[in-house]
Amino acid sequence: MNELINFLLAKDQIFTTVILIVLIIFLIVSIMMDKLKKYQDLDTNKAVDLMEDSNAIILDIRTEKERNTGFIANDMHIPSANVKNKLTDLDKDKKILIYCNNGSKSPHIAGLLTKNDFKHVYVLKGGMKAWLKSNLPIKNNTKNKSKIKKISKSK
């Protein structure tokens with residue numbers, strides 16, 4: 001044990017030791033934050049199961065430009081920048097599945113909702129990219145037509 005301490009505190013190892021300590025702290029904080037979050041991450045299969053509940057709200061928080069590439073049918077679109085001002089448009093007692101483009105913005109919005117007493121908040125892990133990768137159906141709006149890509153659900 002003394003050898004390890006001497007190695008870590010050696011002048012030529014200080015930078016490495018500091019980096020190691022920072023990474024350990026980051027890992028601990030990350031684990032603690034994951035345990036404290038009040039929403040649940042869902043993969044695409046579990047998200048499809050949740051959507052079978054007719055009372056569930058599917059919330060697309062992407063920009064209009066991202067949404068124009070396709071969206072999940074029967075969803076509600078509120079860009080992430082506007083969600084805070086539209087909280088009253090959402091029912092706090094319904095299940096809410098949030099999705100963004102790649103899953104990076106949804107946790108922030110899920111945290112906002114849970115801090116405002118929303119009880120059943122879920123995040124689509126991987127966002128629309130995961131949805132598309134799973135070959136699940138999307139709806140596209142174009143100026144001339146609206147079409148649905150229909151692909152069967154796989155479990």
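Results, tabulated for the structure shown:
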| item | result |
| --- | --- |
| Among beta bridges that DSSP assigns inside the chain, antiparallel share in %, nearest 5 | 30 percent |
| GNM top mover of Met32, Met128, Met76 - the chain, alpha-carbon springs below 10 Å | Met32 |
| Distance in nm between pseudo-label sites at Lys94 and Lys133 (7 Å out along the Cβ direction from Cα) | 2.9 nm |
| Calculated FRET value between Met32 and Lys119, using beta carbons and R₀ = 25 Å, to 0.05 | 0.65 |
| All aspartates and glutamates inside 17 Å of Lys115 as judged from Cα atoms, apart from same-chain residues fewer than 8 positions distant | Asp34, Asp41, Asp89, Asp91, Asp93 |
| Residue-averaged 222 nm ellipticity for the chain, from DSSP H runs of 4+ at -39500 (n - 2.57), nearest 500 | -11500 deg cm²/dmol |
| Cross-link table Lys38/Lys125; Lys38/Lys133; Lys92/Lys119; Lys119/Lys139, entries beyond 18 Å C-alpha to C-alpha | Lys38/Lys133; Lys119/Lys139 |
| Scaled radius of gyration (Cα, divided by 2.2 N^0.38 Å) that the chain gives | 1.40 |
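Every read-out reported here was derived from the displayed coordinates using simple, explicitly stated rules and does not represent laboratory data. Values in this document were obtained by computation on a predicted structure and should not be read as measured data. Backbone-built Cβ (ideal geometry, glycine too); neighbour counts: all protein chains shown.
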